[in-house]
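Reviewing the structure listed below.
The values are calculated or read from the model by the stated rules, or taken from the named source; none is laboratory data. Just so we're clear, the structure is a prediction, and the values are computed from it rather than from any experiment. Note that we place each Cβ from the backbone using ideal geometry, even for glycine, and neighbour counts take in every protein chain shown.
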Amino acid sequence: MSRARHNPVRTRTAVLAAVSLAATIAPIGVPAAHAQVIRDRQGSSTDVSRASWSGPAYTFNGSGGVVAATMTQAINAIRGGAGSIDVAVLAGSDGGTPECDDIMGLSGVNSCTTLTLTSSNDGNNSQVNADVRNAEFVYFAGGDQCRYAAWKGTLLEASVESVVAKGGGVGGGSAGHHINSDIVYDACDGSATSSIALDNPYDRSMTFTTGMFRWPNFANTINDSHFVARDRMGRTMAFVARAIKDGRTSGGAAWGVGVEEGGSLFVDRNGRATLSGTSAYVVLGDHQPEVAVAGQPLTFSNFKIWRLSNGQTYDFANRPTCGYYLKSVTNGVPSSNLYSGTPVTDCSTPPPPGGGSSYTEVEPNDTRNAANDVTGNSYPLTVTGDMKSSSDRDYFKVSLASGQTLGVSCAVPSAYDADLYLLTSNGSTVVRSVNDGAGVDESASFTRTSSGSATYYVEVEAYSGSGTADYTCTVSKS
């Protein structure tokens, strides 16, 4: 997104960027490269000093510009209705100061500093990090989120996190919206369209950055912007499917958060999001994709989609289990009318994930000979059970044809540590998942290449601990 150039009364300085040790070690006769950070400060030259703040608060915008309504909500939430705050705007290219121009017109702002960083190492600049740590709100401008993802691992990453930790806030629009999700679509190898992403969810343009920011109540999310205007529902579906298939999320589920141009989500300290403006969508995938492999079209049944209009809310801390409508993708072709549907309003008996069937274990099923036979069920199949003792083993019998892929993803409760094995008919292990720790999820898959069909077993085995809390395994065949 282009950022309009303005010329307000301000203090503009070029700051010599701190250079990492690696960057200073140049070949003999070749000088080390130095970058300059452009610093534009508006308002007071002195930062606010205060012992505590009342955030965190967040604004996530569908396009790059500041939305006055949600920015005002964030300012008031952070300052607790009294005093004023300092704001830092981070930009990856010099487009003037449009964000600070707008922010300085709002009540409760002491100063706004635009920091233009043109290289990844600018994230280690001492003046930049001082400005950010002294701010109470950090706004990521529009532009290129790949530039922002390059700041991962620099001092700037921790500086931004410190603002949230002290009760401040963060936000951004367009690229700045993307960078604030748990899983970031970084677009470092080109921007994917919905048609490209659905035709091949592993296209070279489908690149992600993880482990940068994980804001409270906002785990397992992937943000997208310009949502309806650029028809990005399809690619968000592919983002969600990829996140689940690649194990980037916990619990075998991922939430896409798409905001339309002109719309903005204000998220309060309790995780409750309220939309101001046009529209926003939350897209939940809660099971393994039926087909998500390189070079093949996506198949994923029953995405759960919540559509928000102006003033409506979504609780990210206690994520709802109804109010969604269902849409699917089959061989790369999505359902019609992706942006609207009839919401499910009965939360008492939610359908199983993926629209398949469900099965509850029947004891005793502690050996292969006593395995629960789930061969005749429809897939994806949701299997629930528990580890009744620290030596419990639960077996489920399935049949797999030549060329079929069996995928199993288990959400394990915090009461115990359970492991997952996929076995042949004679009990040999084909693949296993043995992650350490109580409550740590397990997933495994394999493809049968031999001719004909054969019997296999899914084994869920207690490793340590026990209890009546249910594990939930999604079993898919594709």
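So the values come out like this:
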quantity: Candidates GLY251, GLY323, GLY354, filtered to the one that is modelled with pLDDT under 95 and buried (at least 20 other Cβ atoms within 10 Å of the Cβ); calculated: GLY354
quantity: Number of positions in the range 64-115 that are assigned to a helix (DSSP H, G or I) and either without any contact (Cβ under 8 Å) to a residue 40 or more places away in the chain or over 12 Å from GLY142 (Cα atoms) (or both); calculated: 16
quantity: Test: residue in the range 302-317 that is assigned by TED's automatic domain parsing to the domain that holds PHE208, touching a residue at least 40 places away in the same chain (Cβ under 8 Å) and among the acidic types (Asp, Glu); calculated: yes
quantity: Out of ASP441, ASP419, ASP470, ASP392, sole residue that is among the charged types (D, E, K, R) and free of Cβ contacts under 8 Å to residues at least 60 places away in the same chain; calculated: ASP419
quantity: Subset tally (residues that are part of a strand (DSSP E or B) and either among the charged types (D, E, K, R) or closer than 30 Å to TRP53 by Cβ (or both)) for the range 262-310; calculated: 14
quantity: Single unsatisfied condition, SER174 versus (1) without any contact (Cβ under 8 Å) to a residue 24 or more places away in the chain; (2) farther than 20 Å from ARG204 by Cβ; calculated: (1)
quantity: Qualifying residue in the range 426-449 (condition: part of a strand (DSSP E or B) and more than 21 Å from SER478 (Cβ to Cβ)); calculated: yes
quantity: Residues located in the range 166-199, provided they are in a loop (DSSP other than H, G, I, E, B), over 20 Å from GLY55 (Cβ atoms) and touching a Lys or Arg at 6+ places or on another chain (Cβ under 7 Å); calculated: ASP189, ALA192, THR193
quantity: Residue tally, condition over 29 Å from LEU298 (Cβ atoms) and surrounded by 14 or more Cβ atoms within 10 Å (Cβ to Cβ), over the range 435-454; calculated: 2
quantity: Pairs where the first residue, in the range 365-384, is under 22 Å from ASN426 (Cβ atoms) and the second is of a type in the set (Val, Ile, Thr) and assigned to a loop (DSSP other than H, G, I, E, B), C-beta under 6 Å, 6+ apart; calculated: ASN372/VAL362
quantity: Qualifying residue in the range 370-382 (condition: at pLDDT below 90, small (Gly, Ala, Ser) and surrounded by fewer than 20 Cβ atoms within 10 Å (Cβ to Cβ)); calculated: yes
quantity: Test: GLY142 is in a loop (DSSP other than H, G, I, E, B), at positive phi and not β-branched (Val, Ile, Thr); calculated: no
quantity: The range 200-226, residues that are assigned to a loop (DSSP other than H, G, I, E, B), farther than 18 Å from VAL329 by Cα and within 16 Å of the chain's Cα centre (by Cα); calculated: THR207, GLY211, MET212, PHE213, ARG214, TRP215, PRO216, ASN217, PHE218, ALA219, ASN220, SER225
quantity: Single unsatisfied condition, THR345 versus (1) more than 16 Å from the chain's Cα centre (by Cα); (2) assigned to a loop (DSSP other than H, G, I, E, B); (3) touching a residue at least 60 places away in the same chain (Cβ under 8 Å); calculated: (3)
quantity: Answer from GLU161, GLU136, GLU157 - the residue that is under 25 Å from the mean Cα position of the chain (by Cα) and surrounded by 20 or more Cβ atoms within 10 Å (Cβ to Cβ); calculated: GLU136
quantity: Scope the range 227-261; condition of a type outside the set (Gly, Ala, Ser), farther than 13 Å from SER194 by Cα, touching a strand residue (DSSP E or B) at 6+ places or on another chain (Cβ under 6 Å) and in a loop (DSSP other than H, G, I, E, B); matching residues; calculated: ARG248, GLU260
